[in-house]
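Here is the structure we will look at.
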Amino acid sequence: MLDHAQVLHVARLARLELSDDEVGRMAAELSHVLDHIEKIRELDLDGVPPTSHVIDVVNVLRADVPAPSLAREVILAAAPERLNDGFGVPSPGAA
């Protein structure tokens, strides 16, 4: 089981401030996670390819097909303020 100092070290790396009760709880929880990692290390994983997902992930987005854009005049018609051929926006810090 992780000791008090080890939990505080991990908390400092994560920029977390923990109470004494939280340190005790985290020691138990982190130790539990480390126990699971040790069980995984016992498995014979030779020949098992590394994966990033446990299931096949397929791109669900539509194909990126070029298409005509809306006309500039149509887009700029909705602009609250127009500046030359674009949108007018306030300068940073302007009220």
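The values are calculated or read from the model by the stated rules, or taken from the named source; none is laboratory data. Given the structure is predicted, the values throughout are model-derived calculations rather than measurements. Positions of Cβ are generated from backbone atoms using ideal geometry, with glycine treated the same way; all protein chains shown enter the neighbour counts.
A few comments on the model shown:
- Count of residues meeting criterion [of a type in the set (S, T, N, Q) and in contact (Cβ under 8 Å) with a residue 24 or more places away in the chain] in the stretch 7-32: 1
- Within the stretch 69-80, residues that are at pLDDT below 90 reach no partner that is polar (S, T, N, Q) with beta carbons closer than 8 Å at six or more positions or on different chains.
- So Val23, is it surrounded by 10 or more Cβ atoms within 10 Å (Cβ to Cβ) and β-branched (Val, Ile, Thr): yes
The rows are residues; the columns are (1) within 30 Å of Leu18 (Cβ to Cβ); (2) surrounded by 10 or more Cβ atoms within 10 Å (Cβ to Cβ).
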position	(1), (2)
Glu29	yes, yes
Leu43	no, no
Pro66	no, no
Ala78	no, no
Leu83	no, yes
Gly88	no, yes
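- With respect to the conditions (1) charged (D, E, K, R); (2) more than 30 Å from Val89 (Cα to Cα); (3) more than 27 Å from the chain's Cα centre (by Cα); (4) part of a helix (DSSP H, G or I), Arg12 lacks only one, and its number is (3).
- Hey, Leu34 surrounded by 10 or more Cβ atoms within 10 Å (Cβ to Cβ) and either in a helix (DSSP H, G or I) or over 24 Å from the mean Cα position of the chain (by Cα) (or both) or not: yes
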